[in-house]
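I have placed the structure first, in the form of structure tokens, so that the comments after it can refer back to it.
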Amino acid sequence: MSFYRLFRDPPTKYRLLPFWFWNGVLDAEEIVHQIKEMADKGIGGFFICARQGLSSPYLSAEWFHYVALAIETAQNYGLEVWLYDDYPYPSGMSGGEVTLEHPDARHRQLLHHAVTVTGPQTFSCNLPWARVLSARAVPLDEAGRVLWNDAIDLEQVIGSVPNEEVFQSTGLTTYTNKRFFTAQLQKRLVWDVPAGRWQISVFLEKELEDFKYYGHYVDPCHREAMQ
């Protein structure tokens, strides 16, 4: 086959494979019709993508019934079918099912907090509510060079404190209907800084929060979860 004819009528592997959003009421007749239209217009196949508005429960028997129908119909037209691991977004979450089965695979991020202070003084700073991996105070010489061999471990001067005061008026009893307490924990570093200039460097590990639709994401380096 000449290059010209190959370009005019390429095999399936060279044709477009669009994302086919399933984002409404799934209907067998409509699925067959759209696949026939894709084949007629020269499409080489499609990715089945679950999206917002999908009425059939994702990964249910009903869902896979329509997936099977799409595969069988596509085979009749020589089209490729790919299942996309999205619902609704981003990739890798499988509709949140992955982190339900592997809560230890929730994605975490490395945070770095650094500040330069001069002693003597009592220094205090708030840090995110996260696991402290490393906290060091490193002296600086007159030229501003970092003297790593003289670093001081600061992990023992980091603790947890609340950053929100809460008042509730409840109906417990007539004489204990007011409650004062605290919430929203955070880490706090309080250190008596020796004389001189010091570079404080803190590394923390924090779970990724408020991401897209699930409030978290999955760690793509977690082997079992990805499998």
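The values are calculated or read from the model by the stated rules, or taken from the named source; none is laboratory data. Worth saying up front: this structure is predicted, and the values here are computed from it rather than measured. A quick note on method: Cβ atoms are made from the backbone with ideal geometry, for glycine too, and the neighbour counts reach across all protein chains shown. To get the accessible areas, we keep the full protein, side chains included, count just its heavy atoms, and leave off ligands, DNA and RNA. Shrake-Rupley method; radii C 1.70, N 1.55, O 1.52, S 1.80 Å.
A few comments on the model shown:
- Note on the chain: Rg/Rh from C-alpha atoms, Kirkwood Rh, equals 1.23.
- Within the accessible surface of the chain, defined with a 1.4 Å probe on protein heavy atoms only, the carbon and sulfur portion equals 52 percent.
- The H on the amide N of LEU26, modeled in the peptide plane, is under 5 Å from the matching H of SER55, SER56, each at least 5 residues off or on a different chain.
- With R₀ set to 41 Å, the beta-carbon distance separating TRP148 from HIS102 gives a calculated FRET efficiency near 0.65.
- Under the Karplus curve 6.51 cos²θ - 1.76 cosθ + 1.60, θ = phi - 60°, whole-Hz ³J(HN,Hα) for segment 26-31, x wherever Gly or Pro sits: 7, 9, 4, 5, 5, 4
- Size descriptors for segment 1-123 (Cα atoms only): Rg and Dmax, in that order, 23.0, 82 Å.
- FRET efficiency for the TYR89 to LEU111 pair, using the beta carbon distance and R₀ = 22 Å, is estimated at 0.30.
- The residues of the chain expose on average 65 square angstrom of accessible surface per residue, using a 1.4 Å probe on protein heavy atoms.
- Excluding same-chain neighbours fewer than eight residues apart, the aspartates and glutamates reachable from LYS178 by a Cα-Cα span under 20 Å are GLU164, GLU165.
- Approximate spin-label separation GLU80-SER124, in nm, with each point projected 7 Å along Cα-to-Cβ: 6.2 nm
- Theoretical ellipticity at 222 nm over the chain - DSSP helices of four or more residues, -39500 (n - 2.57) apiece, nearest 500: -5500 deg cm²/dmol
- Bridgeable lysines around LYS187 (alpha carbons under 20 Å apart, same-chain partners fewer than 8 residues away excluded): LYS206.
- Using alpha-carbon coordinates, inclination of helix 61-76 to the longest axis of the chain, degrees: 50 degrees
- Test item: Cα-centred dipole of the chain, Lys/Arg +1 and Asp/Glu -1 on Cβ, debye: 480 debye
- Packing-based order for 217-227, 139-149, 41-51, using average beta carbon neighbours within 10 Å, highest first: 41-51, 217-227, 139-149
- Note on HIS65 and THR176: the model spin-label points, each 7 Å out from Cα along the C-beta direction, lie 5.5 nm apart.
- Student exercise, segment 88-217 dipole from Lys, Arg, Asp, Glu Cβ charges, in Debye to nearest 20: 280 debye
- Separation of the GLU224 and PHE203 label points, Cα + 7 Å toward Cβ, nm: 2.5 nm
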